[in-house]
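Asker: If you scroll down you'll find the structure; I have some questions about it.
The values are calculated or read from the model by the stated rules, or taken from the named source; none is laboratory data. All figures in this text were calculated on a predicted structure; none of them were measured in a lab. Heads up, the Cβs are rebuilt from the backbone with ideal geometry, glycines too, and the neighbour counts pull from every protein chain shown.
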Amino acid sequence: EYAICIVGGGSRYTPDMLAMLCNQKERFPLRKIVLYDNENERQDVVGAYAEILFKEYYPELKELVYTTDPDTAFSDIDFALMQIRAGRLNMREQDEKIAIKHGCLGQETCGAGGFAYGMRSIPAVVEIIKQIREKSPECWILNYSNPAAIVAEATNRIYSDDKRIINICDMPIAIMDMYAAVLGKKRKDLEPKYFGLNHFGWFTNIYDRETGEDYLPRLKEILKTPVDVQTEPLFQEPSWKATFKFMSTMIQDYDEYLPNTYLQYYLYPRKMFEKQNSDYTRANEVMDGNEKETYERMETIIALGKIKGTEFAITEDVGCHAEYIVDLATALANNTKEVFLLMTENKGIIENLDRHMMVEVPCRVGSSGVEPLVVGTVPTFYKGLIEQQYAYEKLTVDAYLEGSKKKAMQALVLNRTVVNTDTAIALLEDLIKANKEYWREL
Ligand code: G6P
């Protein structure tokens, strides 16, 4: 039996994660669940909801704790599942709108928005890992915190000897859910080959686990025409549907591999810029939509005092974000040797790329940790794109570590959604002002 801590306990993603833990109690039995957040307000709602949930669905659980005290939260835990959003949605809105004001794409993890968020996330994540390590030096830290590419690069440099920090992202898995739906299969029937950086990668094969058939050619044919697949609720929102539909354009133009959806921002920055609404960005959509609904639902459940037998009863289908992180914890705990798409230091896995690069590739996971699977070499076009994007990520982390404004500017110039030096300089000035409370001085 394990003890876990969800870092970012007040997040809108936490309720699904808790439901998932209930669903998975046979294969991943827990004795203690801790919710940790640096603010009480939202976490108290999640905590009160969790009490009802566990009473009904997890009576075996011995201890539920929700706290804002890191010492309490991080003592005696086997797993820390981290999903923090430094600056919350208010700062996300700033990131997106400032970038748009300067004629650039406004997005949470890509481009100037991702840069700004990265400069906030690095210190927050680094500090939490330090606190965790003081109390639980051996626990697994499974980190979802965004922008994952930059966070992974920073943790790999700052905690280079710590092999128990694993950086993950649910997007490749969400995309695979979509492939599975298109093929009439389950995601777990499929085994992918994939290479790239986080939010910047390509599927080269999608094998059937049983027959060994590669579905990539078939998927390319199907997806050349926009499809309207039903996956989990989050991805049924209009902006996500549009993202999945845009895949067909990418596949028509680049018919070699299947791209991660986030490549739309880097390969078509002008088109994506024109599509966005400068007054109402994704941050606004989330604040008014999914975020609001999630807390209202929990408030209703708290008032009712029960879940079972109501319309809120939990089901098998709790979303891939929750499922994936629990699957990963289970693989570490039970030595399943399952394959996951994770961020890891290259070390020759992709032969013709920097050995220190934090790549996103298939990895086998067991109780001794993460073992990346060989990719080989990648063609010139992809190599060029990846190297430029990685230089951006690396310079962002350098800018943070050295407090260097020059490197911050260089990072932005290397980002395919910014490019112009004068734009990068002006953007940086505005981002510095907006992030006074969060960034170190540049
Ligand atoms: C996916 C990505 C995450 C990103 C999230 C944003 O799950 O993999 O990296 O944070 O989408 O979703 P949201 O609903 O907040 O726009």
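Asker: Pick out the one residue from Tyr179, Tyr207 that is hydroxyl-bearing (Ser, Thr, Tyr) and part of a strand (DSSP E or B).
Answerer: The unique qualifying residue is Tyr207.
Asker: Spot the failing condition for Phe195; the list is (1) of a type in the set (A, V, I, L, M, F, W, C); (2) in contact (Cβ under 8 Å) with a residue 12 or more places away in the chain; (3) more than 14 Å from the ligand (Cβ to nearest atom); (4) not in a strand (DSSP E or B), and only one is missed.
Answerer: With respect to (1) of a type in the set (A, V, I, L, M, F, W, C); (2) in contact (Cβ under 8 Å) with a residue 12 or more places away in the chain; (3) more than 14 Å from the ligand (Cβ to nearest atom); (4) not in a strand (DSSP E or B), Phe195 is out only on (4).
Asker: Going through Ala124, Ala112, Ala99, Ala116 one at a time, which residue ends up being of a type in the set (A, V, I, L, M, F, W, C) and out of contact with any helix residue (DSSP H, G or I) (no Cβ under 9 Å at 6 or more places or on another chain)?
Answerer: Ala124
Asker: So which of Ala80, Ala124 ends up being of a type in the set (Gly, Ala, Ser), assigned to a strand (DSSP E or B) and either at pLDDT 95 or above or buried (at least 21 other Cβ atoms within 10 Å of the Cβ) (or both)?
Answerer: Answer to the selection: Ala80.
Asker: Any residue that is over 30 Å from Tyr265 (Cα atoms) and not in a helix (DSSP H, G or I) - is there at least one of those in the stretch 92-108?
Answerer: Within the stretch 92-108 (the criterion being over 30 Å from Tyr265 (Cα atoms) and not in a helix (DSSP H, G or I)), the answer is no, since none of the residues qualifies.
Asker: State the number of residues belonging to the stretch 310-353 that are assigned to a loop (DSSP other than H, G, I, E, B), of a type in the set (A, V, I, L, M, F, W, C) and within 16 Å of the ligand (Cβ to nearest atom).
Answerer: Selection size over the stretch 310-353: 1.
Asker: How many residues does the stretch 165-176 contain that are away from the ligand (no atom under 11 Å from the Cβ) and outside any helix (DSSP H, G or I)?
Answerer: 3
Asker: Would you call Tyr262 closer than 30 Å to Pro379 by Cβ, aromatic (Phe, Trp, Tyr) and away from the ligand (no atom under 16 Å from the Cβ)?
Answerer: The answer is no for Tyr262.
Asker: Examine the stretch 71-89 for a residue that is touching a Pro at 6+ places or on another chain (Cβ under 9 Å) and acidic (Asp, Glu), and state whether such a residue exists.
Answerer: The answer is no; no qualifying residue exists.
Asker: Now for a different question. How do the pairs read when you match residues in the stretch 115-135 that are within 16 Å of Leu401 (Cα to Cα) with residues anywhere that are of a type in the set (Gly, Ala, Ser) and at pLDDT 95 or above, using Cβ under 6 Å and keeping only pairs 6 or more apart or on different chains?
Answerer: From residues that are within 16 Å of Leu401 (Cα to Cα), the pairs are Arg120/Ala86; Arg120/Gly87; Ser121/Ala86; Ser121/Ser145; Ile122/Ala154; Ala124/Ala86; Val125/Ser145.
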